[in-house]
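S.K.: Questions regarding the structure given below will be posed in turn.
Taken together, the values in this text are just the output of simple stated rules run on the coordinates, not laboratory data. All figures in this text were calculated on a predicted structure; none of them were measured in a lab. Using ideal geometry, Cβ is built from the backbone for each residue, glycine included, and neighbour counts are taken over all protein chains shown.
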Amino acid sequence: MDEVKVIWTTLARKQRNAIFDYWNNRNKSNRYSIKLNLTIYQKIDLLKSNPLSGIETNFEPYRILHFENYGLVYRLEKDLLYIISVWDNRQNPSKLKKLLGL
């Protein structure tokens, strides 16, 4: 497989930034957001080298790779890895289904 290219959707970027804003405001510091961002990019590096490492969902063709209380919802198309959502796993899964347009 060729080098996998990662493409963030606008939604995923907004969700990631909202998560960082939440933690920055809650903790009055950006330390946790920096740690979380590092974790996100470590997980993306894992997906680039092993795109099927996330678990299959009931919502094909989407997969999810969990970390802490979050999950990276993604879709793989050939050598393109689309980050669809940075999902808070504590939410109702039916909300994810609606978010994915299913």
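S.K.: Could you run through the range 24-46 and say how many residues are closer than 26 Å to Lys97 by Cβ and out of contact with any Leu (no Cβ under 6 Å at 6 or more places or on another chain)?
M.R.: Going through the range 24-46 one residue at a time, the tally reaches 5.
S.K.: Can you tell me how many residues within the range 49-102 are in contact with a strand residue (DSSP E or B) (Cβ under 8 Å, 6 or more places away or on another chain) and free of Cβ contacts under 8 Å to residues at least 12 places away in the same chain?
M.R.: Initial filter on the range 49-102 (in contact with a strand residue (DSSP E or B) (Cβ under 8 Å, 6 or more places away or on another chain)): 51-57, 61-66, 69-76, 79-89, 96, 99-100.
Going one step further and asking which of them are free of Cβ contacts under 8 Å to residues at least 12 places away in the same chain, we end up with 55-56.
Of the residues in that region, 2 qualify.
S.K.: I'm trying to understand the selection: among the residues of the range 67-102, which are farther than 17 Å from Phe20 by Cβ and either touching a Lys or Arg at 6+ places or on another chain (Cβ under 9 Å) or among the hydroxyl-bearing types (Ser, Thr, Tyr) (or both)?
M.R.: Within the range 67-102, Val73, Tyr74, Arg75, Leu76, Asp79, Leu80, Leu81, Tyr82, Ile84, Ser94 meet the criteria.
S.K.: When the range 37-66 is examined, which residues are found to be within 20 Å of Asp2 (Cα to Cα) and of a type in the set (Phe, Trp, Tyr)?
M.R.: Scanning the range 37-66 gives a single hit, Tyr41.
S.K.: Still on this structure, I have one more. Every residue in the range 12-48 that is of a type outside the set (D, E, K, R) and either at positive phi or touching a residue at least 40 places away in the same chain (Cβ under 8 Å) (or both), please.
M.R.: Hits for the range 12-48 are Ala12, Gln15, Ile19, Ile40, Leu47.
S.K.: Quick one: Ser33 ticks every box in (1) in contact with a helix residue (DSSP H, G or I) (Cβ under 6 Å, 6 or more places away or on another chain); (2) closer than 21 Å to Lys5 by Cβ except a single one, so which number is it?
M.R.: Failing condition for Ser33: (2).
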